[in-house]
Amino acid sequence: MREKLLHTAQVKALIDKVAGFDNSAGDHRLKQIIARVVTDVMRTIEDFDVSPTEFWAAASYLEKVGQSHEMGLLVPGLGIEHFLDLRLDQEEREAGLTGGTPRTIEGPLYIEGAPLSKGEARLDQDPETGEVLFMDGQVKDAAGNPVPGAIVDVWHANTAGWYSHFDPSQTPFNLRRRIETDADGKYKFRSMLPKGYGVPPDGPTNALLAAIGRHGKRPAHVHFFVSAPGYRKLTTQINIDGDEYLHDDFAFATRDELIPAITHHTDTAEIHARGLNEPFATITFDFTLHKEAADLPKAVVERAHAA
Ligand code: MBD
Ligand code: FE
C-alpha cells in the first residue's frame with residue numbers, strides 16, 4: 001500500500017507552519033481549528049485520490065457559492081445549521097434546561113426591522129391568490145404563565161414560495177411583521193398560506209444537491225423569532241401540515257413539535273363572518289420561552305443579514 005503522506009514528518013511540519021504553530025502571535029484556538037480543517041482536506045484528497053483538476057473544481061465551486069450569495073443555502077443543505085441547533089439543544093439539556101418550544105434553524109432570508117404592531121397584524125400587503133391564513137396563540141413561560149410584551153417577529157414566503165426583499169416583485173416587508181403580545185401574552189395575525197421554497201434551480205447549491213441525488217425543496221413553513229426581556233430568544237418555525245416535503249426538508253428543520261394542526265374552514269357562514277368569500281385556514285400555536293439564566297449557551301445567534 002502507498003505510504004500516507006499525511007503521516008510523514010514533512011507534511012506534519014507543513015501543517016504546523018500553515019497553522020502558525022511555529023510562531024507565538026495570533027489566536028491559539030484559531031490555529032488549532034485551521035490545522036484541523038487543513039488536515040481534514042488533505043486527508044480527503046489522499047483517501048479519495050482527489051486529482052488537482054478535481055480539487056480546483058471544488059475551489060471554484062466554493063467561489064461560486066460566495067459570488068451567488070448561497071452560503072446561507074449550502075450550510076443548511078449540508079445539515080450544518082441543524083447540527084448547530086442539535087449542539088445548542090445538547091448544551092441546554094446538560095445545563096438542566098428541557099421542555100419549551102423547540103428551536104429550529106433561522107435560514108438565510110430574515111430581514112431586520114419589520115413593521116411593529118401591538119397584539120395583531122396583517123402580514124400580506126401585496127395582492128395574492130391563495131388561501132387566507134389566520135394564526136394565533138400565546139407566548140408563555142415554562143410554568144405556563146403568559147408573557148405580555150413579547151415580540152413575535154414572523155416572516156414567511158408568499159403563495160409562490162418567494163420571500164420579500166429577495167424577490168423584487170414584492171413590496172418591502174411583505175409577509176414580515178413584528179407583533180407585541182398583549183396583556184394575556186397573545187398574538188394573532190392574518191396572512192396567506194405560504195408555499196414551500198426551492199433553492200434556485202440554476203445555482204451552485206442545487207448543482208451539488210443534484211449531483212448527490214438530492215433536491216433543494218423545503219416544506220411550506222413560517223419563521224419566528226420570539227423574544228422578551230429576561231427570556232431566552234427562541235428561533236423557530238412551524239410547518240404547514242400536509243405538505244409533500246414535510247418530512248423531506250433539504251434543510252432538515254422539521255421537528256415533530258413544530259407541526260401544528262391546521263383547520264381548513266369551508267362553512268359559508270364562517271367564511272362570511274371573517275369577511276371572506278373563499279375557504280380559509282386557521283392555526284393556533286403557543287410559544288414557550290425559557291427564562292434567561294447563567295451557564296447557558298448564548299441563545300442569540302449573531303449572523304449577517306441582508307438589509
Ligand atoms: C428558506 O426559506 C429557508 O427557511 C431555509 C432554511 C433555506 C432556504 C430557504
Ligand atoms: Fe424559510
Accessible-area composition of the chain, carbon plus sulfur, in percent [1.4 Å probe] = 55 percent
Answer rounded, prolate or oblate for segment 111-207, using the Cα gyration tensor with square roots of eigenvalues a ≥ b ≥ c: rounded when a/c is under 1.5, else prolate when a/b is larger than b/c, else oblate.
-> prolate
Take every Cα pair under 8 Å in the chain that's 6+ residues apart, average their separations, divide by the length, and report that relative contact order as a whole percent.
-> 20 percent
Per-bin percent of Cα-Cα distances, segment 125-283 [5 Å] | 2, 8, 15, 18, 19, 17, 12, 6, 3, 1, 0
Helix 9-18: angle to the longest alpha-carbon principal axis of the chain, degrees 0 to 90, nearest 10?
-> 50 degrees
Which of these, Thr104, Thr263, Thr129, has the largest mean-square fluctuation under a Gaussian network model of the chain (Cα springs below 10 Å)?
-> Thr129
Would you mind computing Rg(Cα) / (2.2 N^0.38 Å) for the chain, counting N as its residues?
-> 1.19
Sequence-separation-based contact order of segment 188-277, relative, with Cα cut under 8 Å and 6+ spacing, percent = 21 percent
Accessible surface, segment 30-111, averaged per residue in Å² (probe 1.4 Å) | 61 Å²
Residue pairs, from the table Lys17/Lys64; Lys118/Lys140; Lys186/Lys233; Lys64/Lys298; Lys188/Lys291; Lys195/Lys298, whose Cα atoms sit over 25 Å apart | Lys17/Lys64; Lys64/Lys298; Lys195/Lys298
Mind ordering 206-213, 285-292 by average Cβ neighbours within 10 Å, highest first?
-> 285-292, 206-213
Per residue convex hull volume, Cα atoms of segment 14-99, in Å³ | 164 Å³
Cut-off 9 Å between beta-carbons: net charge of the residues surrounding Val152, Lys and Arg +1, Asp and Glu -1 = 0
Taking Cα atoms only, Rg over Rh for segment 252-306 with Rh from the Kirkwood formula is 1.21
What does the charge count near Ile271 come to, summing +1 for each Lys or Arg and -1 for each Asp or Glu among other residues with Cβ under 12 Å from its Cβ?
-> -3
Rolling a 1.4 angstrom probe over the protein heavy atoms, how many square angstrom per residue are accessible across segment 170-274?
-> 45 Å²
Using the reciprocal of the averaged 1/r over all distinct C-alpha pairs, how large is the Kirkwood radius of segment 23-64 in Å?
-> 11.9 Å
With θ set to phi - 60°, apply the Karplus curve 6.51 cos²θ - 1.76 cosθ + 1.60 along segment 21-32 and write out the HN-Hα couplings as whole Hz, x wherever there is a Gly or Pro.
-> 5, 8, 10, 9, 7, x, 9, 5, 5, 5, 4, 5
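The values are calculated or read from the model by the stated rules, or taken from the named source; none is laboratory data. Please read these numbers as outputs of a predicted model, since none were measured by experiment. Because the Cβ atoms are built from the backbone with ideal geometry, glycine has one as well, and the counts that use them run over all protein chains shown. Quick note on the areas: whole protein, heavy atoms, side chains included, nothing else; ligands and nucleic acids left out. Shrake-Rupley method; radii C 1.70, N 1.55, O 1.52, S 1.80 Å.
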